[in-house]
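The values are calculated or read from the model by the stated rules, or taken from the named source; none is laboratory data. Just so it is clear, the structure is predicted and the values come from calculations on it, not from any experiment. All Cβ positions, glycine included, derive from the backbone under ideal geometry; neighbour counts span all protein chains shown. For accessibility, only protein heavy atoms count, side chains too; no ligands or nucleic acids. Shrake-Rupley method; radii C 1.70, N 1.55, O 1.52, S 1.80 Å.
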Amino acid sequence: MDISAGIQASLAGRYASALFDLASEAGTVTAVESDLDKLEAGLAESAELKTLTTNPRVSRGEAGKALWGVSAIMGLSDLTQRFLGTLAANRRLGQLPGVIRAFRAIAAAQRGEVTADVTSAHALTDTQLEQLKTKLTAREGRTVKINSKVDPDLLGGLVVTIGSKRIDGSIRTRLNSLAQAMKA
């Protein structure tokens, strides 16, 4: 499968690409992706886990042992556990968030998916998200996965980002444009 040069050029991308190849050979891409979701949630929720992955004072051996225990508690697959051990042994645990992002991008590309980051002023209902997904899928010509977040500063409307494309239909941007036009 063809992986973008941008992903392969980064250190995290090379690790993610290697993990994806191993998961593909074993037929466990979905399980590894689920494991990485759990790890990302753990990093977001646990300051101790985040410190473990970023603190240079933690030795390779200590980090490996600690992550082995955390992996067992989280119920991570054997491949993911061994991969974390490799990251710890190579002192690359600080790259874990980038590896997770790159792995998701590689897996989505392999499935023919594209991710749309949707920011709205208010939380969107499930119906609204489904309608948006349908329209974006028709526009892009491939399956669209939506990551939704709320930013009250938008005042209203949506900002949709798909790759390098951005669709800004927010009221904040419209007001800023109007203010600039009135200054001229």
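General remarks:
- Of all DSSP beta bridges in the chain, antiparallel share, percent nearest 5: 55
- Residue among Ala105, Ala41, Ala12 with the largest mean-square fluctuation in a Gaussian network model of the chain, springs linking Cα atoms under 10 Å: Ala41
- Tensor-based shape of the range 93-152 (alpha-carbon gyration tensor, a/c under 1.5 rounded, otherwise prolate or oblate): oblate
- Couplings 3J(HN,Hα) of the range 53-70, computed from phi: 7, 10, 7, x, 6, 7, 5, 4, x, 4, 4, x, 5, 4, 5, 4, x, 4 Hz, in residue order, whole Hz [Karplus 6.51 cos²θ - 1.76 cosθ + 1.60, θ = phi - 60°; x for Gly and Pro].
- Rounded percent of accessible protein surface that carbon and sulfur make up, the chain, 1.4 Å probe: 53
- Matching label, mean projected area of the Cα convex hull in nm² computed from the structure shown, candidates [x] 9.8; [y] 14.3; [z] 13.7: [z]
- Given charges at beta-carbon only (K, R positive; D, E negative), |dipole| of the range 79-184 in Debye: 400
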